[in-house]
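Written out below as C-alpha cells is the structure these notes cover.
What follows draws every value from the coordinates through simple rules; no lab data is involved. Keep in mind the model is a prediction, meaning the values are calculated, not measured. Backbone-built Cβ (ideal geometry, glycine too); neighbour counts: all protein chains shown.
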C-alpha cells in the first residue's frame, strides 16, 4: 500500500502526515508513506485543496485534516 500526503508542507499538511503515520502504526500494516510537495503533481491528481491524502493513487481526503478514527477507517478499506 502506498499512502501519499499531498501539500506544500504547511502545518496542516504536516499534521495530516503525522496522523496517517500514527494510523498505519496502530493498524500494524505495511505501507509506504510519502509526501508530495510538487504542486504540478498535486494538480495532476486533480486536487484543488490541500492537505489531501491518496492511497494507491486514489484521493481519499481533500481540503482537511482527517481525524485519527477517519484515517484508520479509510486505511482499513484498502487493506
(message) At a 10 angstrom cut-off on C-beta neighbours, averaged per residue, how do the peptides 24-35, 2-13 rank from highest to lowest?
(response) 2-13, 24-35
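Could you tell me what fraction of 2.2 N^0.38 Å the Cα radius of gyration of the chain comes to, as a two-decimal ratio?
0.97
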(request) Pull up the DSSP beta bridges for the chain and report the antiparallel fraction as a percent, rounded to 5. (result) 60 percent
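Remind me, what semi-axes does the range 1-43 give for its equivalent ellipsoid, largest first in whole Å, using sqrt of 5 times each Cα gyration tensor eigenvalue?
20, 12, 5
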